[in-house]
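A.B. asks: I have a structure I would like to understand better, so I am pasting it below and will then ask my questions one at a time.
Read-outs: derived from the displayed coordinates by stated rules, not from any lab. These figures come from a predicted structure and were not determined experimentally. Glycine also receives a Cβ, built like all others from the backbone with ideal geometry; neighbour counts cover every protein chain displayed.
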Amino acid sequence: MAEDQSNHMRHWDALKEPAPDALKKITGGNLQGKSDINPQWRYQAMTEHFGPIGIGWKWQIMERWTEEGPNGTVGAFILIHLHYKEDGEWIGPVTGLGGSMLVEKDKWGLHLNDEAYKMATTDAIGCALKVVGVAADVYRGFCDGSKYQPRQYQNYNQQQQQQAPQPQQQAPQPQQQAPQGQGVQPADTHAEYKERAEQLVQVNQALIDADPATKAWLDACMADGFYKDVFNHITNLTQGTQSNG
């Protein structure tokens, strides 16, 4: 009897299109021009499709380790197994591998990243969910970093642009507000830290690009939404540059 293949894509098709507001264009570093997918949207999509975490889907850390890099740097790595439930049975495991810098080096020396394992875990979960089909359209290239090619996503972004006030009318250019990190005050909310971290990345891109390890770590932080860490790190970098100058 021939196998019924009509349902093979049911999970993939249900999960492949992220909400437009779950995407953010990456404007600097090695990932410039790519799309950052909000991790919370991934978890929401899995919960909507399979059910609550631990009941309809789950993941487990199987292994955690470090690897030494050049000049005293250290990478942290996580291996997870992800399962989802179908017809009352757990399906899997789906393997996900993620990594982040645990010890990084810049011109001032070695620094410990106490968020490394959390970032590596987020990376590993995203890797596993990608295989299930979560946000597959982004990885297939249907998104140019700011909008999807299908018409419904183009229309959404056009409407958002028409409704949103022009940023030039709302505030002066970041270079005028915060040269070399000066004048950017600590934020109170996650959204404010995101805005101010993006300002600092843009203003200090040359300083960031000068150290590949720092740039890689900052790119990972921005991709995973650790905007407060980015803000604090760049602020310390610019203060060190000003004092050394």
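A.B. asks: May I ask you to sort Val138, Val74 by Cβ crowding, counting other Cβ atoms within 10 Å and putting the fewest first?
C.D. replies: Val74, Val138
A.B. asks: Same structure again: Could you work out the Kirkwood radius for region 56-128, taking every pair of different alpha carbons, averaging 1/r and inverting it, reported in Å?
C.D. replies: With all distinct Cα pairs of region 56-128 included, I get 13.2 Å.
A.B. asks: Within the set Lys107/Lys228; Lys85/Lys105; Lys58/Lys194; Lys16/Lys105; Lys16/Lys107; Lys85/Lys118, which residue pairs have Cα atoms separated by over 32 Å? Write down the numbers at each step before the final one.
C.D. replies: Details: Lys107/Lys228 21 Å; Lys85/Lys105 43 Å; Lys58/Lys194 29 Å; Lys16/Lys105 37 Å; Lys16/Lys107 42 Å; Lys85/Lys118 25 Å.
Over 32 Å Cα-Cα: Lys85/Lys105; Lys16/Lys105; Lys16/Lys107.
A.B. asks: Considering only the other residues whose Cβ falls under 14 Å of the Cβ of Asp211, what net charge follows from Lys and Arg at +1 and Asp and Glu at -1?
C.D. replies: Neighbourhood net charge equals -1.
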